[in-house]
Amino acid sequence: MLDVAKPKIVSGTSKFQIGAIPMHRAQEHLFTVKSVISLYRLLGIPLILQLYDISKFFDKENLKDGLN
């Protein structure tokens, strides 16, 4: 079933979404974050990053509640 839906899901995904997309790696996210940090440092602009560990959220949250 997933094999049938996968092409439609991938084609409907934003070009900026790289997670879970074939031919992309997790390191791309790190490169993006480090690039943004470097740009803001170069420009002398303050930057506040707020990151969430979604996997930890689902470890503690009831899946049924999370899907609501």
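For the stretch 51-64, enumerate the residues that are more than 25 Å from K15 (Cα to Cα) and either modelled with pLDDT under 70 or open to solvent by less than 70 Å² (accessible area, probe 1.4 Å) (or both). Break it down into steps so the answer makes sense when it comes.
Within the stretch 51-64, the subset more than 25 Å from K15 (Cα to Cα) is 56-64.
K56, F57, F58, D59, K60, E61, N62, L63 - these are the residues of the stretch 51-64 that are more than 25 Å from K15 (Cα to Cα) and either modelled with pLDDT under 70 or open to solvent by less than 70 Å² (accessible area, probe 1.4 Å) (or both).
Read through the list (1) over 18 Å from the mean Cα position of the chain (by Cα); (2) at pLDDT below 70; (3) open to solvent by 90 Å² or more (accessible area, probe 1.4 Å), then give the number of the only condition that V4 fails.
(2)
Out of the stretch 27-50, which residues are outside any helix (DSSP H, G or I) and either β-branched (V, I, T) or surrounded by 10 or more Cβ atoms within 10 Å (Cβ to Cβ) (or both)?
Initially, the stretch 27-50 is screened for residues outside any helix (DSSP H, G or I), giving 44-50.
Within the stretch 27-50, I45, L47, I48 qualify.
I need the full set of residues from the stretch 20-50 which are of a type in the set (G, A, S) and modelled with pLDDT of 90 or more, in order please.
Taking the stretch 20-50 and keeping what is of a type in the set (G, A, S), we get 20, 26, 35, 38, 44.
Residues satisfying the conditions are S35, S38, G44.
The values are calculated or read from the model by the stated rules, or taken from the named source; none is laboratory data. None of the values given here were measured: they were computed from a predicted structure. Cβ sites come from the backbone with ideal geometry, for glycine too, and all protein chains shown count toward neighbours. Quick note on the areas: whole protein, heavy atoms, side chains included, nothing else; ligands and nucleic acids left out. Shrake-Rupley method; radii C 1.70, N 1.55, O 1.52, S 1.80 Å.
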